[in-house]
Every structure is written in structure tokens, then in C-alpha cells.
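Report on one structure; see the data block that follows.
The values are calculated or read from the model by the stated rules, or taken from the named source; none is laboratory data. For clarity, every value in this text was computed on a predicted model and none was experimentally measured. Neighbour counts are summed over all protein chains in view; Cβ atoms, including those assigned to glycine, are modelled from backbone coordinates with ideal geometry. Please note that ligands, DNA and RNA were not included when accessible areas were found on the heavy atoms of the full protein model with its side chains. Shrake-Rupley method; radii C 1.70, N 1.55, O 1.52, S 1.80 Å.
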Amino acid sequence: VQCPSGVDISKLIMEARSQVIGRRGTTVTEKALTRNRYLSATGSTFAPLSNFVMGLRPFKWLMEKTVGIDRRRGMPRFQRGTFVRKGRRYLAKQPLIANPVDTVAYFADSYANYNDHELGFAAVKVLRHNDIDVMLPEQLPAPITAAAYGAVGTARRDFAYVTGRLASLVRSGYKIVCSEPSAALCLRDELKHFIDSDEARLVSANTYELMGYLNDLRKAGRLKTDVADSLGGERYAYHAPCHLCALGPAGQCIELLSALTHVDITDIDAGCCGIAGTYGMQKKNYETSMTIGGPMAEALNAIETKDAITECAACKMQIEHLTDKRAVHPIKLLARAYGLA
């Protein structure tokens, strides 16, 4: 969206990479990163032992030599089990909503599912608190990494799995809501490049980013305003993820939180954080990633607070890597404001 000529740069890159992979095959690093859900599932299965092992210097050296992930990178900690499984058990115990304002299928994606269950539960609880009937469908993580690296076959298979399950829900009246902007962009925009079907178009047309979805409800007078002033006096610096900017106007969470609470939020408006998903995690790109993220780090450090807000899990990693800020997803703040966390 930043190209002055309106050229879809990301689509060109995906096409070029797919042709390169078609000629020379995939590298070990590309295979590992395009199938990162297996790494996440393994880490989640063996947590907290996996977290301990990932922090060891020999393991970091091994990951750098075999997979290409820079040893200086801190990896996100895993939680035992998956959020989707825990969330379904939680929802099964909740009373039915008599007159739901809306019905949504929450697409949790990888980070909420394997690394931050609190994020997933915050999303579910806020939705239900606002009389929105929410369910957790069978899902694979959005294959945005496979798409970015040109692994067309992997991306198309994963998209087909996701589309087959979400399209039937949309036909039943559900909207698809994503707390991860990359997942929302992947389902809304990238999906159509890989699967040309009515089902894919149906999923694309009914996918929403969580904070934008909630803010639209607020503007329509359909969101509850019964919030405690638990965030009053707290100050946060906000970083807008690139994928969120591509979805539409960024900063919807600022508008939403400012309307419902007295939290003080400053939008740093400092451009890309530099990590670009798995790009900045690779050793060959590490220094470039740090350079690109420099202006963001400077802007964050200029704000007198230890707390930052961003919707993107990768941006959160970069913020906490480059600064001493703690980064949280805005849905967690909203859950606190409603007294749900």
C-alpha cells in the first residue's frame, strides 16, 4: 500500500520466489520456516521443557547452523497444549447467549494458539461479554510464511484446508475474526491468489481484523460501554503493524480504547519494525532487520513509558528485542477494562 504507483509488490515477490523455488527447490531454512506450525506444535507439546532448551546457547547455535535463525534472536515462549483445544472446553461450559448481537468464528492463528493463550481467551471473553456468539473452528495457521517464500504447494494445501472449514461457517451466518493482522490479511487478500473458487471469495469477503471489527460495532452503538476505569493514568506507545496498514486504516484500537477508557496512547507512526515475519529472524537478514527497525526503536524510546501496544506477534518480538518496552495486544487491555482479566 506504500508503493506510489499502486504496484502490488508483495504479489510480485511471491511470484518471483515461487519461480525460483520451482527451478532450484527449497533450502533447509525455507522448508523449516514454511512448515513452522510443526515447530510450534512440538514446542507447545513439550513446554515448559522446550522453553528451557531454546534458551540454551548450544541450542541457539544449532538452530543458526541448521535452520538459519540468528542466535541473537529471542524466541517466543510456548505454552503447554493449544489455545483452540482449551478454548473449546471453556466455551462448552458457558451459557448460551439468548439474543446474540452477532456470530463469529475466531481464527486464532499460530501465536495465540501455541504461545499466548491469554490473548486467545481475552478475545473470546471480550466477544462474549458483548453478546457475540463465538466459536473456535478447526484451523491451521494462516500460511503467510509459505506464501511469502513462494512455497505455492504448501500454501495452497493449507489454504484449501482452512477454506473448506470456514466457508461452511460463513454460509451459516458466521463472520471470521482474526486477532493477528497477518492472518486477517492472508485470508482476506492472499487467499484469492492461491484458490480461485466461490468458497475462497466467500471467506475473503467475510474476514475481519478483531480490533477493527469491535470498533465498527462501537460506532454502530452495538458495543457495551460498561468499563471500569482500571486503565486510567496508564500510558502506552502504539506501533501499527504493516499488515494492519494494508488491511485499512490503522489505529482502530487507539480509537476504540480512547472512546471507552482513559488510557493515554501515543501513536509513534515510525514505519516498519523490520522483522517482517520470519525475515528478520534469519541470520543473513538480522543486521538489515535491526537497521530498518532503528527509527521505530528511537520513537518508542522517546515515549516515557515501559509499555507498548501492537496487534502483531512478530512486531511484539521486535519491539521487545530492540527496546526495554513490554508489548501487549490491545485486546488484553480491553479485557482488563471490562473486568474480564
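The slack in the chain from Thr103 to Glu138, taken as 0.36 nm per residue of separation less the alpha-carbon distance, amounts to 11.0 nm.
Available extension along the chain between Tyr90 and Ala205 is 38.5 nm, counting 0.36 nm per residue and deducting the alpha carbon span.
Per residue, the solvent-accessible area of the chain (1.4 Å probe, heavy atoms of protein chains only, all protein chains present) comes to 46 Å².
Label-to-label distance, Tyr38 versus Val1, with points set 7 angstrom from Cα along the beta-carbon direction: 3.5 nm. When all alpha carbon pairs of the range 159-304 are counted in 5 Å bins from zero, the resulting P(r) reads 2, 9, 14, 15, 16, 15, 13, 10, 5, 1 %. Can you give me the Rg/Rh ratio for the range 284-323, using Cα atoms for both radii and the Kirkwood formula for Rh? That ratio equals 0.97.
Given (1) 39, 29, 25; (2) 30, 25, 21; (3) 33, 26, 20 as candidate values of semi-axes √(5λ) of the Cα gyration tensor in Å, which corresponds to the one derived from the coordinates? Answer by label: (2). Based on alpha carbons, the Rg and Dmax found for the range 168-253 are 15.4, 50 Å. Length available on full extension from Arg235 to Leu62: 0.36 nm per residue minus the Cα-Cα distance, which gives 58.3 nm.
A simple count of charges around Ala205, restricted to other residues whose Cβ falls under 13 Å of its Cβ and scoring Lys, Arg +1 and Asp, Glu -1, yields +2. Based on the Kirkwood approach, the hydrodynamic radius assigned to the range 1-100 is 17.4 Å, with every pair of different Cα atoms included. For the range 232-286, the carbon plus sulfur part of the accessible surface works out to 51%, probe radius 1.4 Å.
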